[in-house]
Amino acid sequence: MNAVASSSGTQNGSSGKKSKTNVEMEEADQVVNKNKRHRKDKPWDTDDIDHWHIEPMPQPDPLSHKPFLEESSFALLFPKYREPYLRSVWSSITTALQSHGLACELDLVQGKMTVKTTRKTWDPYIVFKGRDLLKLLARGVNAPQALKVLQDDIACDVIKIGGLVRNKERFVKRRQRLVGPNGSTLKAIELLTECYVLVQGNTVSAMGTFKGLKEVRRIVIDCMNNIHPIYRIKELMIKRELAKDPKLVNENWDRFLPKFQRRHLKTSEKTAKKNAVLEKKAQAQQAAAENPNAIPLPPVPTTAAKKKTYTPFPPPQQPSKLDLQMASGEYFLKPKEREVIEKRKREERQAAKAEERRATREEAFIPPPEHVEASVAEKKMKKKKRKLEEE
């Protein structure tokens with residue numbers, strides 16, 4: 001009996017294990033994404049909840065308020081040229097921070113600004129807002145505009161663009177694209193993203209909502225990667241119009257957005273494209289040669305450079321700057337004499353350039369040649385001369 005019972009027990013246990021493994025396999029088949037396998041249903045998280053809504057935090061009653069256990073502080077450095085402006089507006093900044101329960105210090109010796117909590121501080125996150133305020137002031141934002149970052153619905157983002165482009169001239173040109181002619185591109189970005197944007201030095205400072213700051217960062221980084229801001233501006237304009245249509249609010253907008261292709265081709269792609277054009281022209285000329293009545297095509301212009309003759313010898317070494325100075329005798333002059341000569345050359349170049357500019361300015365004031373008709377007496381004299389010449 002015991003043997004039978006044990007055997008039946010093992011059979012039931014094995015069948016139970018098999019059923020468990022089958023259930024686990026079915027559950028594993030249902031879960032597609034591994035990142036979401038530990039997620040659980042949240043019945044309290046319904047669609048009518050606005051996750052972007054920020055709950056206000058009013059000032060508590062002074063009697064019931066309890067101070068923080070420890071003091072939090074942030075210190076930031078500021079450039080030397082911002083010192084006069086910060087000294088002039090520091091009183092207003094101190095007053096604004098005191099209304100939120102924060103204290104601030106301006107150290108002109110070390111070039112440092114400090115913000116810290118006090119016993120009156122009730123909002124634990126306001127010290128981060130104060131840090132952002134000092135960061136914006138150091139980056140050139142005016143005090144009235146920078147003080148808006150203390151509001152709950154406004155955040156800031158300082159985008160570092162100095163290390164995104166290696167070439168200095170290319171960096172300056174791409175940074176100028178963000179501003180545009182007379183600041184038109186920057187104004188369009190501010191209107192579409194509802195953010196304040198300031199381009200200065202190696203950073204771009206932005207203030208606004210979280211969604212707007214995300215778009216601004218995308219536009220700035222794409223511009224530094226040689227994608228013109230006008231493409232992103234056009235995309236934002238289309239999205240704004242689509243958001244107004246209630247039928248398209250919850251649909252995918254990819255079919256409405258423009259697809260921009262890069263015009264810059266690789267060297268291999270350019271060569272392949274050029275070979276395809278040449279092959280097409282050759283086929284057309286061959287077909288024309290087979291048909292005598294066809295109109296002959298003009299020859300295809302070739303842009304190939306002339307074949308250079310190979311020489312195993314390197315090119316002759318060019319004289320250096322010191323060699324030229326020794327040949328002209330300038331190298332043996334005293335430093336003062338050399339400065340006098342350089343100053344004289346510089347003045348001559350400046351005088352020639354000034355004369356050229358003056359001539360171009362005075363061209364607009366030169367009157368055109370006037371055509372004056374000859375008088376009656378002059379006409380008679382001309383007739384007499386003609387008669388005398390004929391005789």
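FRET efficiency for the Glu362 to Glu390 pair, using the beta carbon distance and R₀ = 45 Å, is estimated at 0.45. Residues in the stretch 157-167 carry Karplus couplings, in order, of 8, 9, 8, 8, 10, x, x, 7, 10, 7, 7 Hz; the curve used is 6.51 cos²θ - 1.76 cosθ + 1.60 with θ = phi - 60°, and Gly or Pro positions show x. The stretch between Ala272 and Lys120 holds 47.5 nm of extra length on full extension. This uses 0.36 nm per residue minus the Cα-Cα distance. Place a label point 7 angstrom from the Cα of Phe128 along the Cα-to-Cβ direction, then list the residues of the stretch 136-150 whose backbone nitrogen is under 18 Å away. So the set is 136, 148-150. For the Cα trace of the stretch 62-152, dividing Rg by the Kirkwood Rh returns an Rg/Rh value of 0.98. For the stretch 153-263, averaging the sequence separation of C-alpha pairs within contact (under 8 Å, six or more residues apart) and dividing by the residue count gives a relative contact order of 28 percent. When peptides 380-389, 214-223, 142-151 are ranked by their average number of other Cβ atoms within 10 Å per residue, the highest-first order is 214-223, 142-151, 380-389.
Pairs exceeding a 26 Å alpha-carbon distance, out of Lys40/Lys129; Lys187/Lys247; Lys120/Lys214; Lys80/Lys168; Lys36/Lys160: Lys40/Lys129; Lys187/Lys247; Lys120/Lys214; Lys36/Lys160.
With R₀ set to 56 Å, the beta-carbon distance separating Ala354 from Phe210 gives a calculated FRET efficiency near 0.55. Peptides 274-287, 166-179 ranked from most to least packed give 166-179, 274-287, packing being the mean of other C-beta atoms within 10 angstrom over each peptide's residues. Placing unit charges on the Cβ atoms of the charged side chains and taking the dipole of the stretch 153-263 about its Cα centre, the candidate lying farthest along the positive direction among Val204, Ser184, His228 is His228.
Listed by chain and number, the lysines placed with their C-alpha closer than 25 angstrom to that of Lys321 are Lys334, Lys336, Lys343, Lys345; residues fewer than eight positions away on the same chain are left out.
Available extension along the chain between Asp254 and Gln286 is 6.9 nm, counting 0.36 nm per residue and deducting the alpha carbon span.
Read the figures in this text as sums done on the coordinates, not as results from a lab. These numbers were taken from a predicted model, which means no experiment stands behind them. FYI the Cβ positions are ideal-geometry reconstructions off the backbone, even for glycines, and counts take in every protein chain you see.
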